[in-house]
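> Below is a structure I'd like to ask you about.
The values are calculated or read from the model by the stated rules, or taken from the named source; none is laboratory data. What you see is a predicted model, and the numbers here were worked out from it, not measured in a lab. Cβ placement follows ideal geometry from the backbone for every residue including glycine, while neighbour counts extend to all protein chains displayed. The area values use the complete protein model at the heavy-atom level, side chains included, leaving out ligands, DNA and RNA. Shrake-Rupley method; radii C 1.70, N 1.55, O 1.52, S 1.80 Å.
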Amino acid sequence: MTRALELAAGIDPSEDARILGRQGWLYELKLDGVRIIADKRGDKVALYYRKQRNATENYREIADAIKGLPDTRIILDGEIVAFDEQGRPDFQRLGHRIQTTNKSSRRAAVPVVYVVFDVLAIGPYDIRGFPLEARKEILSRIIPAQGTAGNLLRQHPTFTNGIDLFRLCREHKLEGVVAK
């Protein structure tokens with residue numbers, strides 16, 4: 001089960017430890033982007049927003065990068081993110097890209113990255129019922145930790161220590177932590 005932890009900067013450290021120090025949980029940085037499901041079937045790739053509206057043309061470079069993945073059939077879950085000069089997710093930059101109406105200038109206006117945090121299907125298999133750790137292992141074979149396709153596709157790193165990740169978020173004014 002996934003829970004987004006919306007933690008304010010003033011939470012009691014003992015509460016931080018209780019929530020973010022649970023054994024057996026995985027922690028990820030909460031990204032400030034747009035959730036996208038990528039569906040690759042052979043040479044065809046479609047990107048979908050959360051409400052199933054097609055996003056393929058809005059992020060053509062991401063669709064093309066996914067097309068280059070070796071597997072014939074893959075469904076990925078992740079977020080399209082625009083990063084600022086310090087490497088932090090920046091939704092305002094992404095919003096600027098979303099507002100750009102000229103399709104050919106979108107990519108030049110604001111570069112984006114597809115940060116993938118889950119794989120839902122591979123080949124003919126729906127793997128949503130697999131344990132999260134198994135899906136993460138499969139994902140690491142699809143998208144290496146260092147990224148792929150000119151770094152347009154990145155695997156979202158996972159941490160076992162949510163306390164340190166939350167401290168990093170506070171220090172760098174990042175969105176927050178997701179616990180799974």
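> What residue, among those in the range 111-168 that are open to solvent by 30 Å² or more (accessible area, probe 1.4 Å) and of a type in the set (Phe, Trp, Tyr), is nearest to Leu20 (Cα to Cα)?
Here the residue is Phe159.
> In the range 49-76, what count of residues is obtained for those that are β-branched (Val, Ile, Thr) and either out of contact with any strand residue (DSSP E or B) (no Cβ under 7 Å at 6 or more places or on another chain) or more than 21 Å from Ile127 (Cα to Cα) (or both)?
In the first step, residues of the range 49-76 are kept if they are β-branched (Val, Ile, Thr); the result is 56, 62, 66, 72, 74-75.
This time we only want the ones that are either out of contact with any strand residue (DSSP E or B) (no Cβ under 7 Å at 6 or more places or on another chain) or more than 21 Å from Ile127 (Cα to Cα) (or both), so: 56, 62, 72.
Number of matching residues: 3.
> Condition (residue is modelled with pLDDT under 90, within 22 Å of Arg60 (Cβ to Cβ) and within 17 Å of the chain's Cα centre (by Cα)) applied to the range 160-167: is it met by at least one residue? Write out each step before concluding.
Start the filter on the range 160-167 by keeping residues that are modelled with pLDDT under 90, which leaves 160-167.
Next, from what is left, pick out any that are within 22 Å of Arg60 (Cβ to Cβ): none.
So far as the range 160-167 goes, no, none of its residues is modelled with pLDDT under 90, within 22 Å of Arg60 (Cβ to Cβ) and within 17 Å of the chain's Cα centre (by Cα).
> Out of all the residues in the range 26-46, which are part of a strand (DSSP E or B) and without any contact (Cβ under 8 Å) to a residue 60 or more places away in the chain?
Going through the range 26-46, the residues part of a strand (DSSP E or B) turn out to be 27-29, 34-41, 44-46.
Arg35, Asp39, Lys40, Arg41, Lys44, Val45, Ala46 - these are the residues of the range 26-46 that are part of a strand (DSSP E or B) and without any contact (Cβ under 8 Å) to a residue 60 or more places away in the chain.
> Something else now. Taking the range 18-32 on its own, how many of its residues are open to solvent by 20 Å² or more (accessible area, probe 1.4 Å) and within 19 Å of Gly87 (Cα to Cα)?
Of the residues in that region, 3 qualify.
> When you scan the range 47-60, do you find a residue that is open to solvent by less than 20 Å² (accessible area, probe 1.4 Å), assigned to a strand (DSSP E or B) and either more than 23 Å from Arg135 (Cβ to Cβ) or in contact (Cβ under 8 Å) with a residue 12 or more places away in the chain (or both), even just one? Talk me through it step by step, then tell me what you get.
The first filter runs over the range 47-60 and keeps only residues open to solvent by less than 20 Å² (accessible area, probe 1.4 Å), leaving 47, 55-56, 59.
Restricting the remaining residues to those that are assigned to a strand (DSSP E or B) gives 47.
Adding the requirement that they be either more than 23 Å from Arg135 (Cβ to Cβ) or in contact (Cβ under 8 Å) with a residue 12 or more places away in the chain (or both) leaves 47.
Yes.
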